[in-house]
Amino acid sequence: GLFRVASSMLILISFPTALFNSVGAPIIARLYAQGDRARLQRLLSWVALGMVSGTLILTLPFIVAGGFILSTVFGAEFHGANAPLLVLCGGALFNAFFGANAALLNMTGHQARVTRASGVSLIVLALTSLPLIILFDVVGAAIANALAMLAWNLLMWLDARRLLSLDTSLLHLFKSSATYV
């Protein structure tokens with residue numbers, strides 16, 4: 001029950017990432033088809049910033065008063081869902097930090113790399129879930145999910161860099177901030 005509430009709230013908290021991916025995908029495809037790598041890189045960096053900012057804004061209330069919010073909305077017995085929710089939010093922030101990596105790979109003909117990353121992520125989830133749940137109960141389930149999300153994103157980010165020489169992460173914005181001002 002606690003994990004279900006936490007994962008349900010995560011859908012709301014992850015909305016900015018889904019929104020930026022949906023809006024960004026056709027623009028990514030167009031810029032790639034036009035060969036406009038400079039604008040594509042700039043877009044990817046700003047998309048990552050939007051994803052992280054939106055996810056962080058939606059996470060902050062749960063950092064400050066998550067137990068109270070969950071108790072008020074779902075009932076007192078769900079106060080304990082905040083700890084796994086915060087772990088899942090950490091995973092969502094990693095997801096946002098790496099930006100539109102899946103959209104980029106999918107829109108540029110590298111969808112097999114997304115499938116591979118999904119398979120590896122599933123393996124990470126399968127291998128870590130049981131031990132982490134045994135050790136940390138519902139928080140362990142959240143940790144396993146966050147680790148799987150991190151593996152998925154890291155693989156796709158590396159593929160985007162290697163195959164397309166593009167950095168989808170927020171880090172690129174700060175590495176090249178003078179370029180964008």
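With label points built 7 Å along Cα→Cβ from the Cα atoms of Asp36 and Ser165, find their separation and express it in nm.
2.0 nm
How much FRET efficiency would the formula 1/(1 + (r/R0)^6) give for Val23 and Leu122, where r is the Cβ-Cβ distance and R0 is 30 Å, rounded to 0.05?
Step by step, r from the Cβ atoms, then E = 0.65.
Quick one: accessible area per residue over the range 46-181, 1.4 Å probe, rounded to a whole number of Å²? Before the final figure, lay out each step's value.
Numbers: 6530 Å² over 136 residues.
The answer is 48 Å² per residue.
Quick check: from the Cα gyration tensor, does the range 6-96 come out rounded (a/c under 1.5), prolate or oblate? List each step's numbers first, then the result.
Details: a/c = 4.08, a/b = 3.25, b/c = 1.26.
Here the range 6-96 falls in the prolate category.
What distance in nm separates the two pseudo spin-label positions at Thr72 and Leu130, each 7 Å out from Cα along the beta-carbon direction?
Spacing of the two 7 Å Cα→Cβ label points: 4.2 nm.
I'd like to compare 20-31, 92-103: which one has the highest average count of other Cβ atoms within 10 Å, and what's the full order after that?
Values: 20-31: 17.4, 92-103: 25.5.
Result, highest mean Cβ count within 10 Å first: 92-103, 20-31.
Expressed as a whole percent, how much of the Cα-Cα distance distribution for the chain exceeds 24 Å?
The calculated P(r) of the chain puts 41 percent of pairs beyond 24 Å.
Report, in deg cm²/dmol and to the nearest 500, the calculated mean residue ellipticity at 222 nm for the chain, where each DSSP H run with n ≥ 4 adds -39500 (n - 2.57) and the sum is divided by the residue count.
Numbers: 8 runs with 157 residues, N = 181.
Rounded to the nearest 500, the figure is -30000 deg cm²/dmol.
Quick one: Karplus J couplings for the range 54-70, per residue in order, coefficients 6.51, -1.76, 1.60, θ = phi - 60°, nearest Hz, x for Gly and Pro?
Whole-Hz 3J(HN,Hα) from phi for the range 54-70: x, 5, 5, 4, 6, 7, 3, x, 7, 5, 7, 8, x, x, 4, 4, 5.
By average Cβ neighbour count within 10 Å, what is the ranking of 148-154, 64-70 from highest down? Walk me through the intermediate numbers first.
On the way: 148-154: 21.1, 64-70: 16.1.
So the order, starting with the most tightly packed, is 148-154, 64-70.
Could you work out how far helix 82-97 tilts from the main Cα principal axis of the chain, as a 0 to 90 degree angle to the nearest 10?
Approximately 0 degrees, to the nearest ten.
Is there a quick way to get the dipole size of the range 86-181? I mean about its Cα centre, with the Cβ of Lys and Arg at +1 and of Asp and Glu at -1; what is the value in debye to the nearest 20? Don't skip to the end; give the middle numbers.
Values: 5 positive and 3 negative charges, 57 e Å.
My answer is approximately 280 debye.
The values are calculated or read from the model by the stated rules, or taken from the named source; none is laboratory data. Only a predicted model underlies this, so the values are computations on that prediction, with no experimental measurement involved. Note that we place each Cβ from the backbone using ideal geometry, even for glycine, and neighbour counts take in every protein chain shown. Remember, those area values only see protein heavy atoms, side chains included, never the ligands or the DNA or RNA. Shrake-Rupley method; radii C 1.70, N 1.55, O 1.52, S 1.80 Å.
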